[in-house]
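First comes the structure, then the notes that go with it.
The values are calculated or read from the model by the stated rules, or taken from the named source; none is laboratory data. Owing to the predicted nature of the structure, the values given are computational and were not obtained by experimental measurement. Cβ atoms come from the backbone with ideal geometry, glycine included; neighbour counts cover every protein chain shown.
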Amino acid sequence: MIAISAFCASLLLLLPLTIVLYKLWWTRLYFQSIMESQGIKGPSYNFFHGNTKDIIKIKNQTGSNAPMYLPDHDVFPRLQPHWYSWMKSYGKNFLVWIGTQPQVVVTEPDLIREILVNRNGTYPKTEREGHLKKLLGDGIVVAEGEKWLKLRKLANHAFHGECLKDMVPAMVASVRTMLEKWRSYEGKEIEVCGDFRILSSEVISRTAFGSSYVEGIKIFDMLGKLSALVSKNAYKMKFLGPVKLVRTKDDREADKIEQLLHESIMEIVRKRQDEVITGRADSFGSDFLGSLLKAHHEGGEKNQMSAAEIIDECKTFYFAGQLTTYSLLSWTVLLLAIHTDWQEKARNEVLQLFGRENPNSEAIARMKTAVQPCDSYYEKNKRQSHVRKFKFPANVELAIPPLALHRNPDIWGPDAHLFKPERFAEGLAKATKGNPTAFLAFGFGPRTCVGLNYASYEVKIALSMILQQYKFTLSPNYVHSPFWPSLFSLSMERRSCSSHCRQGLFGRKTRAE
Ligand code: HEM
């Protein structure tokens, strides 16, 4: 009896050790040999850390925050220097280790297309862990199968078609408020990024949640803090997969923020719900929050939303709705402040479309706009799969860095890093030489950004209204360091009825008179 107990105890002690050894050694050898046999190589694996320490070291050496000299927009080596240098050393596709997790970084457009089209659901989204999970929950960004279909249908309805057109007046009103504030700065420099952040917060609060920026301010504040924790810990937490042995100060902080975030969102949800329960409103409303609540109360078996799902969707859309459009607008205005010839062309287009009137949905749809560089996305290879010439073992993570494609001279030419909107003069297909995945700003395939049209509308409206009223140049004190939407000031010159007015729409009016 004693012998059996001792045997069981030693087995129990040996089990964790075996799991650790399996993760640290066997998995690594297995993946590495399979990938190397297909010509996919990468930096050497370091015990326990994989390549996470290399990534941190390369990033520190590069100095992401150091100034960059305009008009150079070669941001790939600056923002993702680890991928940039490994791509140079190991080719278009290479293997890296995020702790014990193998990750194949894929930059070939044909392979990317197959992965993102995701036939048969072979490449689900990578499960989020740690702080990122607290930020986005299990919402639409990571959901799969029936749950994703349900969430996507709801979001598609809320951010497209008639619903989107109905949002235009609220977007215009928010921009007008910002421009009214600018009036008191006329002739001076304005730091515009802060105002763009407030603008995008106000627009998503108003259009999707029927509240104001002030009501949602706690939510944005906490989402900001959580995303800062995500960036800070991005390469610190995967040593033993999802199992975390020691809880850090940041973990405790993230728990606290998540709880507060939950309560703040619930406040806004409850307020809307109570309006119907107490008879002050006869429906939950036609905006995104209204659709979520309708699905919660009346969704039936198939479309019902649980309370937890509502919270996750609110978090996702508050987050995605603010940060993305704010970055796009900041980046676009920055480019136009530097390239004043293009600013003039954009203004001409705006004046021809709207004159001095507020933008409307019909003309917005015809307007052209520029798009920011963006981050990376991750898919997981669920089961062993073949992508063209490669065989990926199950559970390898596939990372797709759009910047590697957006700055690829084979696709865009040797001046890939220069701002040359004329590339798109004959449409995207021509510009990308028929490579639809060469331009991945909004993703590709079934998971293409659900807020694409929404973001375009918002940015076009803001840009049009700014161009109608102001000519702007970059402050001479600005130091370019595009690691994150960095603050920048513009020197604004208010437009009176200038040459455009006479030659454009107003010109026709003058002739009629
Ligand atoms: C400039 C603005 C934006 C850019 C560049 C952008 C970019 C992207 C990209 C690249 C993806 C695909 C990610 C992947 O495949 O993993 C995506 C997905 C998504 N975006 Fe956006 N986005 C923008 C604005 C927005 C806005 C304003 C919203 C919300 C109102 C939004 C909501 C979402 C959601 C919910 C998804 C996940 C869709 C799904 O998995 O079905 N995005 N976005």
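Looking only at the stretch 361-377, decide whether some residue is within 30 Å of Ser33 (Cβ to Cβ), within 16 Å of the ligand (Cβ to nearest atom) and at pLDDT below 90. Yes, the stretch 361-377 contains at least one residue that is within 30 Å of Ser33 (Cβ to Cβ), within 16 Å of the ligand (Cβ to nearest atom) and at pLDDT below 90. Look at (1) within 16 Å of the ligand (Cβ to nearest atom); (2) at pLDDT 90 or above and you find that Asp221 fails only one, number (1).
Of all residues in the stretch 447-457, those being in contact (Cβ under 8 Å) with a residue 12 or more places away in the chain, near the ligand (Cβ under 7 Å from one of its atoms) and part of a helix (DSSP H, G or I) number 3. Screening the stretch 44-159 for helices (runs of 4 or more DSSP H) wholly inside it with 2 or more residues that are modelled with pLDDT of 95 or more and away from the ligand (no atom under 15 Å from the Cβ) returns the ranges 81-90. Please go through the stretch 160-193 and pick out each residue that is within 16 Å of Gly290 (Cβ to Cβ) and within 16 Å of the ligand (Cβ to nearest atom). If the condition is that a residue be within 16 Å of Gly290 (Cβ to Cβ) and within 16 Å of the ligand (Cβ to nearest atom), then His160, Gly161, Cys163, Leu164, Asp166, Met167, Ala170 are the ones that fit.
Among the candidates Tyr84, Tyr123, Tyr90, single out the residue that is in contact (Cβ under 8 Å) with a residue 12 or more places away in the chain, out of contact with any helix residue (DSSP H, G or I) (no Cβ under 6 Å at 6 or more places or on another chain) and over 30 Å from Phe220 (Cα atoms). It is Tyr90. Apart from one condition, Ile40 fits all of (1) within 18 Å of Val396 (Cα to Cα); (2) surrounded by fewer than 16 Cβ atoms within 10 Å (Cβ to Cβ); the exception is (2).
What number of residues within the stretch 297-322 are under 19 Å from Ser227 (Cα atoms) and either touching a Leu at 6+ places or on another chain (Cβ under 8 Å) or crowded, with 23+ Cβ neighbours inside 10 Å (or both)? Lay out the reasoning, then the answer.
Filtering the stretch 297-322 down to residues under 19 Å from Ser227 (Cα atoms) leaves 311-322.
Those left that are additionally either touching a Leu at 6+ places or on another chain (Cβ under 8 Å) or crowded, with 23+ Cβ neighbours inside 10 Å (or both): 312-319, 321-322.
Looking only at that region, the number is 10.
Name the helices (runs of 4 or more DSSP H) wholly within the stretch 382-446 that hold at least 1 residues that are away from the ligand (no atom under 16 Å from the Cβ) and surrounded by 15 or more Cβ atoms within 10 Å (Cβ to Cβ)? Of the helices (runs of 4 or more DSSP H) lying wholly inside the stretch 382-446, those with at least 1 residues that are away from the ligand (no atom under 16 Å from the Cβ) and surrounded by 15 or more Cβ atoms within 10 Å (Cβ to Cβ) span 409-412, 428-431. Checking each residue in the stretch 305-352 for being outside any helix (DSSP H, G or I) and away from the ligand (no atom under 16 Å from the Cβ) picks out Ser306, His339.
Of all residues in the stretch 256-267, those that are under 24 Å from the mean Cα position of the chain (by Cα) and surrounded by 13 or more Cβ atoms within 10 Å (Cβ to Cβ) total 7.
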